[in-house]
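All of the numbers you see were taken from the coordinates with simple rules; none came from a lab. Model, not experiment: these values are computed from the prediction. Here the Cβ is made from the backbone with ideal geometry for all residues, glycine too, and neighbour counts use every protein chain on show.
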Amino acid sequence: MQSTDSLNRIFIYGTLIPGQQRWKYLAEFVAATEPDTTAGLLYDTHLDYPAARFDATNSIQQLIHGQLITIHRERLDDCLVLLDEVESVVTGLYHRVVIETGSGHHAWSYQYGKGIDDLELIESGSWLDHVNQ
């Protein structure tokens with residue numbers, strides 16, 4: 001796996017996706033975007049944003065559908081600082097982790113840091129499909 005110092009991709013799966021309410025925080029940093037997936041479980045928090053748990057054990061068969069975002073390298077540090085704030089990393093709501101996507105890329109993503117017992121599993125693995133039902 002490449003060093004995280006040079007990791008300039010982010011896998012997004014919810015309100016950061018283009019057209020969603022938090023895209024505005026990410027848009028200025030983006031060099032490219034493409035659909036992608038990763039193994040894990042996606043949940044509805046019922047707070048207008050999803051929560052993801054990624055598969056670190058290679059035992060989850062479900063996929064999370066989202067976008068693989070490439071960030072301009074010279075803007076990467078600024079982007080990650082802003083996203084850590086937006087995703088409430090300091091308070092532990094989310095944790096920035098490295099995941100592997102279905103296309104074989106390593107990317108940063110944000111994993112939910114609280115309990116999932118009261119959350120609703122999104123069977124499709126797609127936040128956009130879920131909110132557009």
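Considering Cα pairs under 8 angstrom that are at least six residues apart, work out the relative contact order of the chain and quote it in whole percent.
On the way: 244 pairs, mean separation 43.1, N = 133.
That works out to 32 percent.
So what's the net charge close to LEU119: Lys and Arg +1, Asp and Glu -1, counting the other residues with Cβ under 12 Å from its Cβ?
Numbers: positive: ARG53, LYS114; negative: ASP44, ASP117, ASP118, GLU120.
So the environment of LEU119 carries a net charge of -2.
Taking amide H atoms as placed 1.01 Å from N in the peptide plane, list the residues 5 or more away in sequence, or in a different chain, whose amide H sits under 5 Å from that of SER126.
Amide H neighbours of SER126: HIS65.
In whole Hz, with x marking every Gly and Pro, tabulate ³J(HN,Hα) for segment 11-19 from phi via Karplus 6.51 cos²θ - 1.76 cosθ + 1.60, θ = phi - 60°.
8, 10, 9, x, 6, 8, 5, x, x
What translational diffusion coefficient, to the nearest whole µm²/s, does segment 4-131 have by Stokes-Einstein, given a Kirkwood radius computed over alpha-carbon pairs, a temperature of 37 °C and 0.692 mPa s viscosity? Mind showing how you got there, number by number?
Values: Rh = 14.5 Å.
Calculated translational D: 226 µm²/s.
By DSSP, what percent of the beta bridges with both residues in segment 4-131 are antiparallel, rounded to the nearest 5?
Working: 27 of 29 bridges.
Here the share of antiparallel DSSP bridges comes out near 95 percent.
Using alpha carbons only, how many degrees (0 to 90, rounded to 10) separate the axis of helix 76-86 from the longest principal axis of the chain?
So the helix axis and the longest Cα principal axis differ by about 30 degrees.
At what distance in angstrom do the alpha carbon centres of segment 42-69 and segment 114-133 lie from each other?
So the separation of the two Cα centres works out to 8 Å.
Would you work out if segment 61-133 is rounded, prolate or oblate? Take a ≥ b ≥ c from the square roots of the eigenvalues of the alpha-carbon gyration tensor; rounded if a/c is under 1.5, else prolate when a/b is larger than b/c, oblate otherwise. Working shown, then result.
Values: a/c = 1.94, a/b = 1.29, b/c = 1.50.
Oblate, because a/c is 1.5 or more while a/b does not exceed b/c.
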